[in-house]
Amino acid sequence: MPSLTHDEAQRRANLIQVTAYDVSLDLTKGDETFGSTTTIRFTATPDAATFVDVAPRELHAARLNGRDLDVTTLADRRLPLTALAADNELVVEATMAYSHDGEGLHRQIDPADGRAYLYAMSFLDAGPRWFAGFDQPDLKAPFRLSVTCPPDWTVLGNGPAQQLRPGHWRVESQHPISTYFATIVAGPYHSVVGEHDGIRLGVHARASLARALDAEAPEILDVTAKFLDEFHRLFGIPYPWGEYHQAFVPDFNAGAMENPGCVTFRESFVFRSRVTATERARRAITIAHEMAHQWFGNLVTMRWWDDLWLNESFAEYLGYRVCDATTDHRPWVEFGAKRKAWGYTADRRPSTHPVAGNGAADTGKALSDFDGISYAKGAAVLRQLALRLGDDTLLAGLREYFHTHAYGNATFADLIAAWTSAGAQDLDKWATVWLRTSGLDTLRVSADDGTATVHRTGEADRPHAVSIAAFDEPGRELVRRPGVLLDPVTVPAADSALVLPDAGDDTWAKLAFDLHAWQQMADRLPRLPDPLARVAVWNALRLAVADAELPPELALDIVEAGVVSEVDVLFTTLTGWALDTLVGVYLPSGAARAEATRRLAGVAERAMSAAAPGSGEQLAAARAYVAASDAADGLRDWLAGTSAPEGLVVDDELRWIVVGRLAALGAIDESAIEAELTRDHSAQGEVHAAGCRAMLPSAEAKAAAWQTMMTDPNVSNYELYALGAGFWHRDQTDLTAPYVERYFAEIPATAGFRQGWVVGEVAELAYPRTAVSRDTLDRSAAVLAGDDLDSGVRRSIVDAADDLRRALASREKFA
Ligand SMILES: [Zn+2]
C-alpha cells in the first residue's frame, strides 16, 4: 500500500479546500464491522481531478454532486474523483472493519465483563480506516459526528457530545481540525467529571477500572487544572476546544494522542496497582504534553510531516517545563535519565535526521521519525534556545505564532519569523546548526596546572549554553560557571577535581571522560549532590559503553556503587539498563554474566533494605530484585504471601513481574501462568500471561509465541508486544538460536497482513537482539539490501542492527 507523498499532498492542497465533514457511524452491526457514511463538502478548481482516501471492508456507494461514482475504481485505499465542480458534495457509504491494532476504530472486548470498548486513532494515516477523507494535515475542516450505538454507551469526540436520545449521539468540533485528529471514544465507559475555569473536564476508563479511576481522578483533575492555568499564563490564548476530556483506552500504541478536546491515553496510566513517584510524574508530564498540543499542533498544525518537530519538540519541552513549574515532581531528572538517553541513541544511529525538516517524503517515513530526536533532542534544543533568547522573547514569539496562524497550518519559517519579529537576532544560523544538522557534539575536559578547559568537537559550529562545575573528592562544589557559552572555556580547578562540562544537564552533547576518570567514578559519582549533575554522568557512562570506550565490567562497578542511593527514576532506569543491555547484551553468556546478574540482584536487595517499608523506593527496588533474582523459592513465597519484605504489597502488577521471572527461570510451567490469569482475569492479565508464556524456556513455548508473532493477523497489538518482549530472553540464547535465521526470512511478510504502528514495533521487538554475532549483523545487512522492505520494518532493523553492532564491537574489544 503506497503512503501519501509530500508531492501528492501539495498538489491536492492546491486543488481543493474542505468546508465540512459530516460522518455518520452505525456501531450496532455486530462484532466485526460498522457502517460509515461520510459527507464531505469542499471547493475545488473546476474540472480538476483528485482522490479521496478510504479503506473500507466494502464500499457500497460514492456520489459526487449527485453523480454515482464507479466504486470498483477504488485501489490502494484511494477513490478517484474527476470532473470536480467549484463547490462539491461527496457522499461515501461503506462498511468498515473494527481494528485490533490500536489504529482506525479499535474494538476490545474486556475479558473482565465481556463488554465492548471502542476508540478511534486516526494518527498518522489511519483516519480512512473509519471515515472517508482528504487525509493530510493541511486540509482542515469542522468535523461533525453522528453515532448510533447501544443505549447504555457513552460517546465522546472532538467537541461537546450531545445524546439526542438513548443510543443516538452527535459530537461537533467547534473549529476546523486536521483529519488525523478526528476521534470517537464509545462504549460503557466509566466517567468522572469536573470543571475548571469554565472548562468542562472529564476522565474516562473501562468499567472494570472504575475503582482505580475513581481513586486516581482527583490527582488527574488537579494537575489538569494547574496545567490549564499555566498554559493560559504562558500563551495568553484561552483553551480553544470547549470541553477537555481525557480517555484512558485499551491497547493504545503511544503514550497518548492529543485529539482536540478528547485526548486518548494508554490505560496503564489508571494505576490499578501501587506505583512509584516516577510513574506519577510520567503521567503528569504526559498530561501536560498532550495539553500543550491543544495549542501546538491542534490550534496551529504543521503543514506537512517534515515539520513534525513543531508539534512534538514543543509539546515535549512545554510538558516538562509546565510540570516543573506547577508540581512537586522533578521532571527534568526524568527527562535526562530516560528521554535524553533515548534521543542520544537515536541521534547516533544511521537513521538519524535533523530535528527540523526531517525530509519525510511520505507518511510511512514520517511515522518512523516519531523518535527520540523529534521529542527529546528537539526539547533539549528548545531549552538551549530559551537560554539564548530569554523567556520573554521566546514566549512573545510563540504568542505571535498562535495569533497569526490560529486554526490553520504553519511551517518552520513561520515560527522563525515570529521569533524574529519578537526581537530574536541571527536565528537562521543558530537554527541551521541546532535544528537542521543531525548528530551530537562531544564535550571533553583537559586539565593543566590548576585549570580545566572544556573543548567541544562536532561537525556543526554549535554554541552550547552550559554550567561548568568542578567538585572535590568528597563531592563539594568548588567552582560553578553558569550560563557559559562554549567553546573553549577555562575554569580554575585542581588536577584532582572532577570537572563536569554540563553540570546542569542543559545541553545536547556527549560528555567524554578518559579511562582514569571512569576508574574513579564509582567513588565520586554517588557523592555529587545534584541529581542533574549525576544524570549528565550516567548518560556519559551509557554512551561510553556504547562506543566501546568503557569496559562493561567497569560500568557495572560504577552502577553497583552508585545506584542504591539514587533517586527512583535513576535507580529504575539504570538497573534496567544494566540488566537488559550491559549484562544481557554486552557481556557474553556464561559465568561472567551469571555473576553480574547476581551482583545486580544484590544491589536491588540492598536498595530494598534501605527503603522505607511501603514506599515507592521499596517498590522500585523490589521490581529490580525480581528481574535479577534466581532465588525461585523465595519469589514463590512472595506470591504465596509468606515472605515478602515488610511493607511491600505484592499486588496484581508486581505478581505478574514475579510470575514472569519464575517463567523465565523455568521454575513454573504453563499451568501456573493459567492459574495466575484465573486470579487476575483482566485485559492486563491476558497480556502479561502472553508475555510470561513467551519467556518459558521450552521449545514448545517459543514455537507458539513465534507462530503468533509471524502469522496471526487478528491478535491484539499488546499481546504481540508482550510476546516480542519475552521471546529473546538473555539466558535462553541456545533455545532461541534457530529463530535468528527465521526472523530475517519471516518478518518482511508481516507487513502484508498488519499495518501502521504495529508493523515496525513487532519488527523491533522480535529482532534477535540477544544473538550478538557477526552472523546476525550479516543477515541484517542482507535483508536491508532488498528494496521491497516495508519502511517500518526497515527502520526497525536498521536501528536494532546498530545496537547489535555496538555490543559486538565492545565484546570484541574487551572480551
Ligand atoms: Zn506529542
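Table for the structure above
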| read-out | value |
| --- | --- |
| Share of carbon and sulfur in the accessible heavy-atom surface of the range 418-478 [1.4 Å probe, %] | 43 |
| Shape of the range 1-115, Cα gyration tensor, a/c cut at 1.5 | prolate |
| Between the range 115-155 and the range 395-409, the Cα center-to-center distance that results, in Å | 27 |
| Of all accessible heavy-atom area on the range 88-200, the percent that carbon and sulfur account for (1.4 Å) | 46 |
| Degrees separating the helix 568-577 axis from the principal Cα axis of the chain, which is the longest one | 90 |
| Dimensionless Rg over Rh [the chain; C-alpha; Kirkwood] | 0.96 |
| Carbon and sulfur %, accessible surface of the range 675-752 computed with the full protein complex present, 1.4 Å | 54 |
| Environment charge at Val489 (Cβ cut-off 13 Å; Lys +1, Arg +1, Asp -1, Glu -1) | +2 |
| In order through the range 298-311: 3J(HN,Hα) via Karplus (6.51 cos²θ - 1.76 cosθ + 1.60), integer Hz, x for Gly, Pro | 8, 6, 10, 10, 4, 5, 9, 5, 5, 9, 3, 4, 4, 7 |
| Ala410 long-range amide H proximity, modeled H, under 5 Å | Thr301, Met302, Arg303 |
| Within the chain: Cβ-based charge dipole about Cα centre, in debye rounded to nearest 20 (Lys, Arg +1; Asp, Glu -1) | 400 |
| Cross-link pairs Lys226/Lys365; Lys140/Lys377; Lys29/Lys365; Lys226/Lys338; Lys377/Lys702 - those with Cα-Cα distance over 26 Å | Lys226/Lys365; Lys140/Lys377; Lys29/Lys365; Lys377/Lys702 |
| Given charges at Cβ of Lys, Arg, Asp, Glu: the range 345-496 dipole, positive-most of Leu387, Val479, Thr437 | Thr437 |
| Cα-based helix-to-principal-axis angle, 717-727 vs the chain, degrees rounded to 10 | 30 |
| Net charge of Cβ neighbours under 11 Å - reference Ala737; Lys, Arg +1; Asp, Glu -1 | -1 |
| For the range 1-100: accessible area per residue (Å², 1.4 Å) | 47 |
| Tail weight of P(r) past 16 Å, computed on alpha-carbon pairs of the range 367-410, percent | 55 |
| Given 12 as the ceiling on other Cβ atoms within 10 Å, longest exposed-site-free region of the chain for GluC sites (Glu not before Pro) in DSSP loops | 33-458 |
| Rg over Rh [alpha-carbon atoms, Kirkwood Rh] for the range 317-458 | 1.00 |
| Nearest-ten-degree value, helix 6-15 long axis tilted from longest Cα axis of the chain | 30 |
| The range 265-392 - accessible surface per residue (Å², probe 1.4 Å) | 25 |
| The range 106-213 - charge dipole about Cα centre, Lys and Arg +1 at Cβ, Asp and Glu -1, debye rounded to 20 | 240 |
| With 10 Å bins from 0: P(r) over the range 131-272, alpha-carbon pairs, percent | 11, 39, 38, 11, 0 |
| Under 5 Å, built H, 5+ apart or other chain: amide partners of Glu195 | Leu201 |
| Alpha-carbon centroids, the range 229-264 and the range 1-59: separation in whole Å | 25 |
| For the range 414-523, accessible area per residue (1.4 Å probe, heavy atoms of protein chains only), Å² | 45 |
| Dipole magnitude of the range 679-746, debye to nearest 20 (Cβ charges: Lys/Arg +1, Asp/Glu -1, about Cα centre) | 100 |
| Theoretical ellipticity at 222 nm over the chain - DSSP helices of four or more residues, -39500 (n - 2.57) apiece, nearest 500 | -13000 deg cm²/dmol |
| Under the Karplus curve 6.51 cos²θ - 1.76 cosθ + 1.60, θ = phi - 60°, whole-Hz ³J(HN,Hα) for the range 755-764, x wherever Gly or Pro sits | 9, x, 3, 4, 5, x, 5, 5, 4, 6 |
| Which of His175, Thr326, Val185, positive extreme of dipole for the chain (C-beta unit charges) | His175 |
| Neighbour net charge for Phe265 - beta-carbon separation under 15 angstrom, K R +1, D E -1 | -1 |
| The chain: relative contact order in percent, alpha carbon pairs under 8 Å with at least 6 residues between | 8 |
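The values are calculated or read from the model by the stated rules, or taken from the named source; none is laboratory data. Note that the structure is predicted; figures quoted are calculated from it, not measured. Note: ideal-geometry Cβ built from the backbone for every residue, glycine included; neighbour counts use all protein chains shown. Remember, those area values only see protein heavy atoms, side chains included, never the ligands or the DNA or RNA. Shrake-Rupley method; radii C 1.70, N 1.55, O 1.52, S 1.80 Å.
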